[in-house]
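Peer 1: Just passing along the structure, written as structure tokens.
The values are calculated or read from the model by the stated rules, or taken from the named source; none is laboratory data. Note that the coordinates shown come from a computational prediction; the quantities given were computed from them, not determined experimentally. FYI the Cβ positions are ideal-geometry reconstructions off the backbone, even for glycines, and counts take in every protein chain you see.
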Amino acid sequence: MRKPRDFDAELKSLEDKARDLKARKVQQLGELVISTGADALSAEELAGALIVLAETKEAGKREAWAKRGAAFFQGRSRRSAPASERDNGGAPAQSGGAQPPSGGTGAA
């Protein structure tokens, strides 16, 4: 006979994972703001720039921002990683999901 599933325990586990993921996302966003120098902006300026980025539908601008963001992450990973750990394959380095879904960081 099969062992019954403990749905309450599974639900609690999923809620814990979701809470951890949200906390990690917030921390990574804060690290991104600091590493780009955007922490020098006021909260209002930063919010305004992010709103403009989110509202922009122009594909050319969004693509340019995405390229600039990818270059930022690629350059940062090369500066911070020892020579033996650098990505020499030509693909842009990712920062573990810290990049916003829109793909751009150059909103200012």
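Peer 1: Return the pairs, sorted by first residue and then second, in which the second residue is among the acidic types (D, E) and in a helix (DSSP H, G or I), the first residue lies in the stretch 60-73 and is modelled with pLDDT of 95 or more and exposed (fewer than 14 other Cβ atoms within 10 Å of the Cβ), the beta carbons are less than 8 Å apart, and the residues are 6+ apart or on different chains.
Peer 2: The qualifying pairs do not exist here.
Peer 1: Among S35, S13, which is the only one that is at pLDDT 95 or above and among the small types (G, A, S)?
Peer 2: Matching residue, one of S35, S13: S13.
Peer 1: In a helix (DSSP H, G or I) and either within 16 Å of the chain's Cα centre (by Cα) or of a type in the set (F, W, Y) (or both): is that true of S35 in this structure?
Peer 2: yes
Peer 1: Let me ask you something else. Could you list all residues from the stretch 11-59 that are surrounded by 12 or more Cβ atoms within 10 Å (Cβ to Cβ) and farther than 25 Å from A71 by Cβ?
Peer 2: Result: no residue meets the conditions.
Peer 1: Please go through the stretch 16-33 and give me each residue that is without any contact (Cβ under 8 Å) to a residue 60 or more places away in the chain and either touching a Leu at 6+ places or on another chain (Cβ under 9 Å) or within 22 Å of R62 (Cα to Cα) (or both), ordered by number.
Peer 2: Within the stretch 16-33, G30, V33 meet the criteria.
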